[in-house]
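Asks: Pasting a structure below so you can have a look.
The values are calculated or read from the model by the stated rules, or taken from the named source; none is laboratory data. Quantities reported herein were computed from a predicted structural model and do not represent experimental measurements. Ideal geometry is used to build each Cβ from the backbone, glycine not excepted, and the neighbour counts take in all protein chains shown. The protein model used for the area step is the full one, side chains on, heavy atoms only, and it has no ligands, DNA or RNA in it. Shrake-Rupley method; radii C 1.70, N 1.55, O 1.52, S 1.80 Å.
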Amino acid sequence: HGSTAPTLRGLDWVSRASQNLRVRAMGNAIPGAPRSTTRKVSQEGGMSLDQLTTMTTRKFRYGHRLSHLFKPSKLWEITTAVFFGTAVGQYSFLSIIALVLLIIGTIVWALASGGTADYDTSLDHSIWLSYTTFIDTGTQTGVSADQSEKVKFIVVVLSGLGFIFNLTFLSVVVDNVRTLLDRLYTRYSQLIVRDHVVILGWTSKTLFLVNELISMFDDNGGKGDIIIMGNSISRYEMLRTVELAFRRRNPPKPRGVRIRVWEGDSAEEDDLTRLSINTARFVVCLSQAEDPRMADAQVLETLLSLLSLDADDQVTGTVIAELRTSDGQNVVNELDHTSDEDVLGVQSAHAVHKVIAFNALRPGVGEALIELISFEGNNFFFENVDTTLIGMTFGELQHHFPLCVLCGVHSSKAKGAMSTEVLIAPSALRKVQPGDRLLLIAMDRRAIEDAGAEGKSTGCLPFNERAVVASGSSPAAKNTGRRDSVQAATAVRVRDIKQQPWLRQTVLIIGWRSAREMADLVRVLSKMLLPGSEIHFLSAVDESVREAALREEMGFITALTDLAGGVSSVSIVHHTGSPLASGAIELLPLRIAAVAIVIADPGSLTLVEDKDLYVKGAARLRDARVFHITTLLRKAAPLMRIVPMYEDILTYRLLRRKDVFIESGTGVNAVLHRNSLETGLIAMQADDPTIVFVLSQLLTLDDASGQKIFSVPMDSAWADLEMGKLEGAAAQLAFRDVANRVQAFNGHVLIGYYDSRMGKVVLNPPGKKTRKREWLPTDELVLLRASVARARV
């Protein structure tokens, strides 16, 4: 009993304490609340024991947490966090160190130095010497050389410790000031410019677009700023890449053109307003993703951010959106109709596919298009008509621009009309009206101005107009019957040619891109190939994946039905294998193939992995694969035309300098730089949006009257023009003479020719009126077809 009494008494005390707590908790009971049947305190209700236990447990846990803070390990953790993890703590820590060093210096001087004539060992002298030596390292020079070694040693040590501390303290101050300035720069920095160009997005196309814009500024003879904003890499890396890309540019970048980079998010309104986007000449939105749908989604996100800016920050220039799908184009067109801003969607990839098809199947036209859609060579310009030229005919204006080729007219309708029209190769008798603009091909705008000044003093008429004066009749009336008969005969010949089975072509496509792009390329090629032609694919991507992708994107069987007058007019054959292996290339029908288009294949990378690696050198890696495949293909088929497509800016520079990589043996590689072509289209339409209607006519494949730009063998053209034999003195004619004869015969405009000696296309040649050349039967004339259908703006 004695051993159990304390326990019983303890239990009794707990029972009484619990009862008291229950009584105190009665006042907290909610009237009418349900009562526990097993743990109720009184008939009137109150706090249950479970609730009371929970409350006391919470208090215990709170007290436990407080007690945990006073453990030595936790105190040390808090102390280090305060002193080393905050700016105030760091300054406090350094101040404590300084105070300790001063105290140590005072004690050492007072007890061990013995003093000098200037400083004795008293407390005030010891403190002052310790402080001055610690703060100002030059104080030690005041100690004379005849002092004891002990004094010198103490002064040197105190001065060294002070020097190290001062450097440390000042570095912390400088670092904090630098951090503060960076924060202020990040918060308040803004580019104050006007009439500049803004590029939103750092992609593999950015440097190509900058190169086109530099040429655009140079052609227009003006100055300007190009601002690039991206967030895929740092600002330093962007700036370094730009410097390396254009340091050795030929021709060099004009001094008036400045390139600036900015690190930011193109979908963030605050970053957009920092670029003075409200005063920009135009804004270009580039897509970063490789997948077409994802790329359009990114561009639309940027467009919505631009359109949601405040009224004071709204874009006043044109917004150019790079789009990859027709659905994205429809959305952008709707945004343009519903918003106050001018938004222009550019499907550059679709246009490039047409250029690729032209280069593969009609090389003369394809090479001319490559030059025309870039500012680096001859390109299109619109020129306002001078008042002195109003009333002159299109034929009379030909001699007014001897350094250019007059191609068409951008005509305004009567007052109050809702549209205008672009006429390419109009009638030679069409008169220029007020408000018209002339479409010319020239090297730059300075050539147009110089040509106008030179043309006023020539005083000569073009060939067809001289014929009108001499005969007193219209050349059109004179040649109507003969031209109709020739065109009819030509039409018969074309129909006969299409029926010849041996003229069916076999096209090889080696490599694979996204399903949408490959489907679009197949659709374009199908419209240009004759019935019965074949397209052979070779890729490491599984055959079933390719077939399913093509069917999903373009309704494969339906899309290839009745394209050229027959059912399933073009056959698709798939081959599976790595294009980097010569054994896989031998699976292709190399002996009968007319042309091979080489595209970068993902290779060992999966399609998902290869989509977003452009910033890590994936474009350069894909170019290396294309070069590898092209080399193997040239070895296997020396005479076949090869059209490789490159992407990276470094490859672009290399191939422009080293022709040996383009020509090999008897075969010629029609090198295409995909990103250069796409950005050239974007830059031209950004400079003058009306150019889009010129390019749409040149690239159309469905015009019933024939393609707007085409080439004709010189021997056939010479026979049609009835100019005798193409040999001797008869073949010695200036470019302008041939152009006048062609225009008088059928109204076409001659813009250039394929020089079979040089193996290249020459547009807008110099000395068109005075420099004669010998025309060979193997040459080709590059022409713009006389206007039948009109392009509405």
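Asks: Give the ranking of 71, 431, 708 by solvent-accessible surface, highest area first, calculated with a 1.4 Å probe. All intermediate terms of the calculation are to be shown ahead of the outcome.
Replies: Details: 71 100, 431 125, 708 10 Å².
In descending accessible area the options line up as 431, 71, 708.
Asks: Moving on. Please compare each pair in 205/354; 354/772; 527/772; 708/760; 431/760 to a cut-off of 29 Å on the Cα-Cα distance and tell me which ones are over it.
Replies: The answer is 354/772; 527/772; 431/760.
Asks: Follow-up. At a probe radius of 1.4 Å, what is the per-residue accessible area of residue 657, in Å² to the nearest 10?
Replies: 140
Asks: Relative to a virtual label point 7 Å from the Cα of residue 334 in the Cα→beta-carbon direction, which members of segment 287-301 show backbone nitrogen distances below 19 Å?
Replies: 293-301
Asks: Right, here's the next one. Using a 1.4 Å probe on the protein heavy atoms only, what accessible surface does residue 411 show? Give it in Å² to the nearest 10.
Replies: Its accessible surface works out to 10 Å², give or take rounding.
Asks: Whose amide H sits under 5 Å from the amide H of residue 408, counting only residues 5 or more places off or on another chain, with H placed in the peptide plane?
Replies: Residues meeting the criterion, in which the H sits 1.01 Å from N, are 425, 439.
Asks: From the protein chains alone at 1.4 Å, what is the descending order of accessible area for 266, 308, largest first? Could you put the intermediate results ahead of the total?
Replies: Details: 266 20, 308 55 Å².
My answer, sorted largest first, is 308, 266.
Asks: For segment 277-335, what is the convex hull volume of the alpha-carbon atoms per residue, in Å³? Write out the running numbers ahead of the final one.
Replies: Numbers: hull volume 4.1 nm³, N = 59.
For segment 277-335, the hull spanned by Cα atoms encloses 69 Å³ per residue.
Asks: Under a 1.4 Å probe, what is the accessible area of segment 93-204 per residue, stated in Å²? Could you put the intermediate results ahead of the total?
Replies: On the way: 6900 Å² over 112 residues.
Dividing the accessible area of segment 93-204 by its residue count gives 62 Å².
Asks: Given a 1.4 Å probe and heavy atoms of the protein chains only, how would you sort 710, 134, largest accessible area at the top?
Replies: Ranked list, largest accessible area first: 710, 134.
Asks: Give me the percent of the accessible area of segment 272-319 that comes from carbon and sulfur atoms, probe 1.4 Å, all protein chains in place.
Replies: Working: 820 of 1700 Å².
The value for segment 272-319 is 48 percent carbon and sulfur by accessible area.
Asks: Taking the full set of protein chains and a 1.4 angstrom probe, give the accessible area of residue 241 in square angstrom, rounded to the nearest 10.
Replies: Here the residue's solvent-accessible area equals roughly 50 Å².
Asks: Over segment 312-443, give the accessible area per residue in Å² for a 1.4 Å probe, as an integer.
Replies: Values: 4710 Å² over 132 residues.
With all protein chains present, segment 312-443 gives 36 Å² per residue.
Asks: Rounded to whole Hz and in sequence order, give me ³J(HN,Hα) for segment 399-408 from the Karplus expression 6.51 cos²θ - 1.76 cosθ + 1.60, θ = phi - 60°, writing x for Gly and Pro.
Replies: 7, 6, 10, x, 9, 9, 10, 7, 10, x
Asks: Something else about it: Can you give me the C-alpha center-to-center distance between segment 328-345 and segment 230-267, rounded to a whole angstrom?
Replies: Using only Cα atoms to place each centre, the spacing works out to 29 Å.
Asks: Shifting gears a bit: Which order do the peptides 379-386, 619-626 take when ranked by the mean count of other beta-carbon atoms within 10 Å per residue, highest first? Numbers along the way, then the final one.
Replies: Details: 379-386: 18.8, 619-626: 20.6.
Result, highest mean first: 619-626, 379-386.
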